[in-house]
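Some notes on the structure that comes next.
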Amino acid sequence: MKQAVILLSGGLDSSTVLALAQSQGFSISALTVFYGQRNHVELSAAKKIVKHFNIANHKIIELDLGLIGGSSLTDKIRVKSHQEQDDNIIPDTYVPARNTIMLSLALAYAEVQGAYDIFFGANIHDYSGYPDCRPAYIKAFQNMANLATKSSVEGHSIGIHAPLVNKSKAEIIKLGLSLGIDYSMTHSCYDPKGNRACGQCSACFYRQKGFADAQVADPTVYNEV
């Protein structure tokens, strides 16, 4: 059975990617990075998803990107509501070099596991805001991975997969439901209030819109405003 490493945040997208890779016959090693983000509820969500899909190999790495700061997810910067966001600039929820850091950890983990495929949940809604979710970036990282690793030098090419990159949230939700995901286990909010999603940030906006467009009831528990 082919081995794959899945970057699993516990959010809607990464959980769908895990289910999709498993359905394609991959043996999954899940990697969750707790990087000091305020939405730490994701960590418990990732654990629920791993249990739900009977993933025996789940590694959690703690890495405090709050020591670097520069993002409202890791620093003392207020998370803006979706209505306050300017579509012409990269939002302050961007975490400097986050995907490069996480994919590098996944690449190292994959080498140790004997896996030559790495999956993560970049998708079309992140194009304009996050430069490390764009197809050109994914291709560039894959090229780098195949220059920088013992595995690739020995003839095992590394594949970096973002299978949701061209899908809308509604399409992702429909796909995930067909694969057996219980989305009540997942968490997407940038600024949760306890275990409740804030209902105001961009992550909540796109999640709500995705369920509405898919004509599926949203199981998320939102904070009462």
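Going by the structure shown, is Ala106 touching a helix residue (DSSP H, G or I) at 6+ places or on another chain (Cβ under 9 Å), within 30 Å of Gly180 (Cβ to Cβ), part of a helix (DSSP H, G or I) and touching a residue at least 40 places away in the same chain (Cβ under 8 Å)? Spelling it out, it is not the case that Ala106 is touching a helix residue (DSSP H, G or I) at 6+ places or on another chain (Cβ under 9 Å), within 30 Å of Gly180 (Cβ to Cβ), part of a helix (DSSP H, G or I) and touching a residue at least 40 places away in the same chain (Cβ under 8 Å).
Among the conditions (1) within 24 Å of Asn166 (Cβ to Cβ); (2) touching a residue at least 40 places away in the same chain (Cβ under 8 Å); (3) not in a loop (DSSP other than H, G, I, E, B), Ala30 misses just one, which is (2). Kindly indicate whether any position in the range 43-50 is at pLDDT 90 or above, touching a Ser or Thr at 6+ places or on another chain (Cβ under 8 Å) and in a loop (DSSP other than H, G, I, E, B). Among the residues of the range 43-50, not one is at pLDDT 90 or above, touching a Ser or Thr at 6+ places or on another chain (Cβ under 8 Å) and in a loop (DSSP other than H, G, I, E, B), which makes the answer no. All conditions in (1) at negative phi; (2) touching a strand residue (DSSP E or B) at 6+ places or on another chain (Cβ under 9 Å) hold for Gly199, with the sole exception of (1).
Counting the residues of the range 133-164 that are under 23 Å from Lys209 (Cα atoms) and either charged (D, E, K, R) or modelled with pLDDT under 95 (or both) gives 2. What do you reckon, is Leu175 touching a residue at least 40 places away in the same chain (Cβ under 8 Å) and either among the aliphatic types (A, V, I, L, M) or closer than 27 Å to Leu20 by Cα (or both)? In short, yes.
In the range 142-165, the residues that are in a loop (DSSP other than H, G, I, E, B) reach residues that are acidic (Asp, Glu) with C-beta atoms within less than 7 angstrom, at least six apart or across chains, in these pairs: Thr149/Glu111; Leu164/Asp13.
The values are calculated or read from the model by the stated rules, or taken from the named source; none is laboratory data. Keep in mind the model is a prediction, meaning the values are calculated, not measured. No Cβ is skipped: glycine too gets one built from the backbone with ideal geometry, and neighbour counts run over all protein chains shown.
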